[in-house]
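The structure appears below as structure tokens.
The values are calculated or read from the model by the stated rules, or taken from the named source; none is laboratory data. For clarity, every value in this text was computed on a predicted model and none was experimentally measured. Neighbour counts are summed over all protein chains in view; Cβ atoms, including those assigned to glycine, are modelled from backbone coordinates with ideal geometry.
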Amino acid sequence: MTAPFTITPGAEDRYAANVQQRQITFLNGNGDITPDPTEFACAAFGAATGTGMPPPHYVPFVSPIAWARLHRRRSDGRAGGPVRAYVRIMTRPIEPLMDLDGWSGWEYRQDIGLCEPSDDQIEQTPAMCTSTLLLFCLPTDRLWVPVDAPERLTAADATAAVRRVVELLNERVQPVVERLEGDR
């Protein structure tokens, strides 16, 4: 099975340009590039998956992953707090909804996973796909520590941070996806 999170081959230059365009998201309260690994990881992953970088994203979301976000919880205002990962995974309908009259499920194809129905299909019968939201913290001590911050923002640091985040996400999410895929 392919890992749930991957990096698009050949997209490094486009990602580096997007990082520079989103430089403000890498700034700390002093206006410097943040050397804090938690803040840096959130900004780097946001640049890899978010707006400003036309598809294919540096880290694309592929079925069954609907989306993923990182947030740094600042409940006490201190730097270095945990990074919360929110990952939405599409699943087949839960048991009470499986045979609900007037609704169909999404087709599952082995090569690409769940397939969103076409307009023609949903004009005939509405379709239902349920999801589950995973919430977990990334281990702070395993995040990439930016080498060039606070002096400058480099593509090398941002790329290394994203690669580490992808590795950590896959460690947590892959067993869940494998279980879901095994139930098909």
When you scan the stretch 91-150 for strands (runs of 3 or more DSSP E) that lie fully inside it, which ones turn up with 1 or more residues that are under 30 Å from PHE26 (Cβ atoms) and outside the structural domain of ALA43 (by TED's automatic domain parsing)? 130-138
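How many residues does the stretch 85-112 contain that are surrounded by 13 or more Cβ atoms within 10 Å (Cβ to Cβ) and free of Cβ contacts under 8 Å to residues at least 60 places away in the same chain? Before the answer, list the steps.
Our first condition is that a residue be surrounded by 13 or more Cβ atoms within 10 Å (Cβ to Cβ); within the stretch 85-112, this holds for 85-93, 103-108.
If we keep only those that are free of Cβ contacts under 8 Å to residues at least 60 places away in the same chain too, we end up with 86, 88, 90, 93, 103-107.
Total meeting the criteria: 9.
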Determine whether the stretch 122-134 contains at least one residue that is at pLDDT 95 or above and in contact with a helix residue (DSSP H, G or I) (Cβ under 9 Å, 6 or more places away or on another chain). yes
Within the stretch 11-38, of all residues that are closer than 16 Å to GLU151 by Cβ and charged (D, E, K, R), the one surrounded by the fewest Cβ atoms within 10 Å (Cβ to Cβ) is ASP32
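Restricting to the stretch 53-66, what's the tally of residues that are part of a loop (DSSP other than H, G, I, E, B) and either touching a strand residue (DSSP E or B) at 6+ places or on another chain (Cβ under 9 Å) or at pLDDT 80 or above (or both)? Steps first, please.
We begin by selecting, within the stretch 53-66, every residue part of a loop (DSSP other than H, G, I, E, B); these are 53-64.
Adding the requirement that they be either touching a strand residue (DSSP E or B) at 6+ places or on another chain (Cβ under 9 Å) or at pLDDT 80 or above (or both) leaves 56-64.
Total satisfying the criteria: 9.
Listed here are the residues, each with its yes/no results for (1) at pLDDT 85 or above; (2) not assigned by TED's automatic domain parsing to the domain that holds VAL165.
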site: PHE5; (1), (2): yes, yes
site: ALA16; (1), (2): yes, no
site: ILE33; (1), (2): yes, no
site: ALA44; (1), (2): yes, no
site: THR51; (1), (2): no, no
site: ALA68; (1), (2): yes, no
site: ASP76; (1), (2): no, no
site: ALA85; (1), (2): yes, no
Using beta carbons and a limit of 8 Å, which pairs, at least six apart or on different chains, have the first residue in the stretch 142-154 and at pLDDT 95 or above and the second one β-branched (Val, Ile, Thr) and surrounded by fewer than 16 Cβ atoms within 10 Å (Cβ to Cβ)? THR154/VAL147
